[in-house]
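No value in this document is a laboratory result; all are computed from the given coordinates. Note that this is a predicted model, so its numbers are computed, not measured. Glycine gets a Cβ as well: all are built from the backbone with ideal geometry, and neighbour counts include every protein chain shown.
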């Protein structure tokens, strides 16, 4: 049976950066077989969720505006008249 050498500390990925929970809280992730703690994980709360949602909305808006010009415009126009797109 393998044993865990060290408890890993992991971060959450929000708005393009790895970070702790806004309030610094964590929870233990345990191996279900041995019960050993294998990682300390950020216990994201409402502030973390809000930050993630705001970052996702900003990224979506940025991507949407970038798709309206350049090579994407041709791709989107082609997709809108394609018989496959209408099925």
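Counting Cα-Cα pairs of segment 8-69 in 10 Å increments starting at 0 gives whole-percent bin shares of 21, 35, 24, 14, 5, 0. In this simple spin-label model, placing a label point 7 Å from the Cα along the Cα-to-Cβ direction at both residue 25 and residue 59 gives a separation of 2.5 nm. Here the simple spin-label model places points 7 Å from the Cα toward Cβ, and for residue 8 and residue 37 these points are separated by 1.6 nm. Compared with the direct C-alpha span, the chain from residue 51 to residue 17 gains 11.1 nm at full extension, assuming 0.36 nm per residue.
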